[in-house]
Amino acid sequence: MTKLICGRLFRPAALVTLLADGSVGVTLRAQEKERPIPQVVKKDGRYALMVDGTPFLMLGAQAHNSSGWPRMLPKVWPAMEYLHANTLEIPVYWEQVEPHPQQFDYSVVDTIITQAREHHVRLDLLWFGTWKNGSQHYMPEWMKADPARYFHLIDKNGRTADSPSPFCTASQELDMRAFTAFMRHLKAFDPQRTVIIVQVENEAGTWGSVRDYSPAAQKLFEAPVPTDVMKAMGQTGGGSVNWQEAFGPEAEVNFHAWAVATYVGKVAAAGKAAYSLPLYANAALRDPIKPGAPGSYEAGGPTDNVIPIWKIAAPAIDIVSPDIYMNDPAPYLKTLELYHRDDNALFVPETSGGASVARFFFTALGLQAIGFSPFGLDYSTTPSVPAGVPATVPVAGAPPQDQFASTAQNYRLIAPMMRDIARLNFEGKLQAVAEEKGTPSQTLHFGAWDAVVFYGAGRNNRAPVGNAEPTGRALIAQLADNKFLVAGYFCRVDFRPAAADKRRQFLRAEEGNYENGVFQFIRILNGDETDNGLNMRAEPVALRVSVGVY
Ligand code: DGJ
């Protein structure tokens, strides 16, 4: 039996077989073709995450850190359903996968994948390996019990830090081995491509020490900076100056970024050689506007100042990504800009996502984001229940209603049209914006037309004043020269011909909704509903609009 759900085909489980190395493989049934391996592709300066061969927009939600266990999953799936998320980000713990040296246990991973298929959700698996938030807490117990062999870094005062040394080749080799085994297993177990992307480590780097000060690290710090690092950072003199001479006050943080990225890059490359899924590394950020001195933020990870070092030292990492926990719009928006680069697709794998920043999902879309994923959206640890959640949902862990509701509102609108949105964005036909306080209108340029987005616009076309809270957001895609797809919340959209002597008229304004990826006509809007523009409120609607001039 085949089911069509949100434009995706789901068939019952394929045949499971035991492979020679003891791991489990999957043979697809005769009628099911092996799907293409997901990829990050770039065309005309724009990126797409290709899933099943076409652009995919990840409407993600990340589970809490300790939710990746079979008996916790019943608290995860109802949240995904409520949110209309199409991808679950969930950790895979090295300590669980390799409980004894070289004895790999994929039972938990397989349960997560199997249940994700049943719930029609894709997966972004987070490899909690050598680093998790700067520490080695997810290394297997047998490694943590042997700190002499799997050593930590040494801080400036000669003390052992709660952070693994990036120069510990013993740990690195084991992480490479485990990550490779895990990726090889995914390849065998998941020809359906339920897993579409993998995060390598989690917020790699170090809190509380800017670098490793061990004698071995010190020797490298005093050695010449590798030429490719110098070049990547726009410096000359590669191969002849040391880190201090090359980078002055930024020397130590750059050195640590190079050391951590080199380690993570090797782990990533080893895993990718086994199974070439898209890989990314996430950063605990520094404030992009007032960054503070090195030491005031986690050092070593792909913070905005060292992205070129990460690109050079870890080429198997497709994307470096910001974990955005800033609620102030200025640094939030600046961060989105900084990670939307010619050499990097924008992907937000973690964010606070509450009501005050949920609209920035649209800003990210406007920067061609391939995905967005607020953190901590399962029902495992916090006490309230979000509005609209069926009573059967376990109440014991619902996160604050605010964060659930805002994300659900975004995804409810976009999920049914996700493939169109991802394709239009990849083709450069889509623009999206979010309201900024004090800016009651924004203008987007589409060739012969400008689209103007108004916030807090009243009746009879009175000047917009902005919403009481800046909740407005809109996306507009050009389907043909004079035809647009419009969707959003809490705003009015109108079109103006670029030619000043002309005025616009709506030839036809269709209101509809998407079902299984296809626009379904509901009615033609006219009269009061279009006299002053196209009004979008709290309900998800999609509009297809043809405009002309007179
Ligand atoms: C960022 C980390 O990457 C997540 O795993 C989690 O620890 C959140 N911070 C906040 O709890």
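Of all residues in the range 225-253, none satisfies the criterion of being outside any loop (DSSP other than H, G, I, E, B), over 33 Å from the mean Cα position of the chain (by Cα) and among the β-branched types (Val, Ile, Thr). All conditions but one from (1) of a type outside the set (Phe, Trp, Tyr); (2) open to solvent by 20 Å² or more (accessible area, probe 1.4 Å); (3) on the phi < 0 side of the Ramachandran plot apply to GLY68; the one that does not is (2). Does the range 300-311 contain any residue that is touching a Ser or Thr at 6+ places or on another chain (Cβ under 9 Å), over 19 Å from MET233 (Cα atoms) and within 16 Å of the ligand (Cβ to nearest atom)? Checked the range 300-311: no residue is touching a Ser or Thr at 6+ places or on another chain (Cβ under 9 Å), over 19 Å from MET233 (Cα atoms) and within 16 Å of the ligand (Cβ to nearest atom).
So for the range 271-287 (the condition being within 19 Å of GLU203 (Cα to Cα), open to solvent by 50 Å² or more (accessible area, probe 1.4 Å) and more than 22 Å from the chain's Cα centre (by Cα)), does at least one residue qualify? No - not one qualifying residue is present in the range 271-287. Taking the criterion of being among the aliphatic types (A, V, I, L, M) and assigned to a helix (DSSP H, G or I), the residues of the range 408-451 that qualify are ALA408, LEU413, ILE414, ALA415, MET417, MET418, ILE421, ALA422, LEU424. Among the residues of the range 80-93, are any among the polar types (S, T, N, Q), buried (at least 23 other Cβ atoms within 10 Å of the Cβ) and touching a Gly at 6+ places or on another chain (Cβ under 9 Å)? Within the range 80-93, one or more residues are among the polar types (S, T, N, Q), buried (at least 23 other Cβ atoms within 10 Å of the Cβ) and touching a Gly at 6+ places or on another chain (Cβ under 9 Å).
Looking across the range 237-270, the residues that are surrounded by 17 or more Cβ atoms within 10 Å (Cβ to Cβ) and without any contact (Cβ under 8 Å) to a residue 40 or more places away in the chain come down to GLY238, TRP243, ALA246, PHE247, ALA251.
Please work out if TRP77 is within 24 Å of SER406 (Cα to Cα) and surrounded by 16 or more Cβ atoms within 10 Å (Cβ to Cβ). For TRP77, the condition - within 24 Å of SER406 (Cα to Cα) and surrounded by 16 or more Cβ atoms within 10 Å (Cβ to Cβ) - is met.
All of (1) open to solvent by 70 Å² or more (accessible area, probe 1.4 Å); (2) in contact (Cβ under 8 Å) with a residue 40 or more places away in the chain hold for PHE454 with one exception: (1). Within the range 118-146, residues that are closer than 17 Å to GLU89 by Cβ reach partners that are among the basic types (Lys, Arg) and within 16 Å of the ligand (Cβ to nearest atom) with beta carbons closer than 8 Å, at six or more positions or on different chains, in the pairs TYR138/LYS132. Taking GLY234, is it at positive phi and either open to solvent by 50 Å² or more (accessible area, probe 1.4 Å) or within 16 Å of the ligand (Cβ to nearest atom) (or both)? Yes: the conditions hold for GLY234.
If you check PRO440, PRO416 for being over 22 Å from GLY60 (Cα atoms) and modelled with pLDDT of 95 or more, only one passes: PRO440. Per the conditions (1) open to solvent by 50 Å² or more (accessible area, probe 1.4 Å); (2) under 29 Å from ILE370 (Cβ atoms); (3) in contact with a Gly (Cβ under 9 Å, 6 or more places away or on another chain), the sole criterion not satisfied by HIS119 is (3).
For the range 349-359, does any single residue satisfy the condition of being away from the ligand (no atom under 16 Å from the Cβ), surrounded by fewer than 24 Cβ atoms within 10 Å (Cβ to Cβ), at negative phi and more than 18 Å from the chain's Cα centre (by Cα)? Step through it out loud before you land on a result.
Restricting attention to the range 349-359, the residues satisfying the condition of being away from the ligand (no atom under 16 Å from the Cβ) are 355-356, 358-359.
Subsequent filtering for residues that are surrounded by fewer than 24 Cβ atoms within 10 Å (Cβ to Cβ) retains 355-356.
Then keep just the ones that are at negative phi; that gives 355-356.
If we keep only those that are more than 18 Å from the chain's Cα centre (by Cα) as well, we get 355-356.
Among the residues of the range 349-359, at least one is away from the ligand (no atom under 16 Å from the Cβ), surrounded by fewer than 24 Cβ atoms within 10 Å (Cβ to Cβ), at negative phi and more than 18 Å from the chain's Cα centre (by Cα), which makes the answer yes.
Taking the condition within 16 Å of the ligand (Cβ to nearest atom) and outside any strand (DSSP E or B), does ALA181 pass? No, not satisfied. Being farther than 30 Å from GLY300 by Cα, within 16 Å of the ligand (Cβ to nearest atom) and of a type in the set (Val, Ile, Thr), is that true of even one residue in the range 53-62? For the range 53-62, residues farther than 30 Å from GLY300 by Cα, within 16 Å of the ligand (Cβ to nearest atom) and of a type in the set (Val, Ile, Thr): absent. The numbered conditions (1) open to solvent by 20 Å² or more (accessible area, probe 1.4 Å); (2) outside any helix (DSSP H, G or I) are all true for PHE484 except (1). Put simply, of ALA509, ALA487, ALA474, ALA480 the only residue that is aliphatic (A, V, I, L, M) and more than 29 Å from SER406 (Cα to Cα) is ALA480.
Applying the set (1) in contact with a Lys or Arg (Cβ under 8 Å, 6 or more places away or on another chain); (2) touching a residue at least 40 places away in the same chain (Cβ under 8 Å); (3) more than 13 Å from the ligand (Cβ to nearest atom) to VAL97 leaves exactly one unmet item: (1).
Restricting attention to the range 506-517, which residues are touching a residue at least 40 places away in the same chain (Cβ under 8 Å) and open to solvent by 30 Å² or more (accessible area, probe 1.4 Å)? If you could, list the steps in order and put the result at the bottom.
The first filter runs over the range 506-517 and keeps only residues touching a residue at least 40 places away in the same chain (Cβ under 8 Å), leaving 506-507, 513-517.
Residues satisfying the conditions are PHE506, LEU507, ASN513, GLU515, ASN516, GLY517.
All conditions in (1) charged (D, E, K, R); (2) modelled with pLDDT under 95; (3) closer than 23 Å to LEU430 by Cβ hold for ARG473, with the sole exception of (2).
Got a number for residues in the range 273-289 being within 12 Å of the ligand (Cβ to nearest atom) and without any contact (Cβ under 8 Å) to a residue 60 or more places away in the chain?
1
In the range 304-342, of all residues being over 25 Å from GLY354 (Cα atoms) and free of Cβ contacts under 8 Å to residues at least 60 places away in the same chain, the one that is surrounded by the most Cβ atoms within 10 Å (Cβ to Cβ) corresponds to VAL306.
With open to solvent by 50 Å² or more (accessible area, probe 1.4 Å) and not charged (D, E, K, R) as the only criterion, which of PRO226, PRO215 stands out? Full working, then the answer.
Values: PRO226 fails: open to solvent by 50 Å² or more (accessible area, probe 1.4 Å).
Residue meeting the stated conditions: PRO215.
The values are calculated or read from the model by the stated rules, or taken from the named source; none is laboratory data. In this text, all values refer to a predicted model and were calculated from it rather than measured experimentally. As a convention, Cβ positions derive from the backbone with ideal geometry for all residues, glycine included, and neighbour counts pool all protein chains shown. Ligands, DNA and RNA are excluded from the accessible area calculation, which covers all protein heavy atoms including side chains. Shrake-Rupley method; radii C 1.70, N 1.55, O 1.52, S 1.80 Å.
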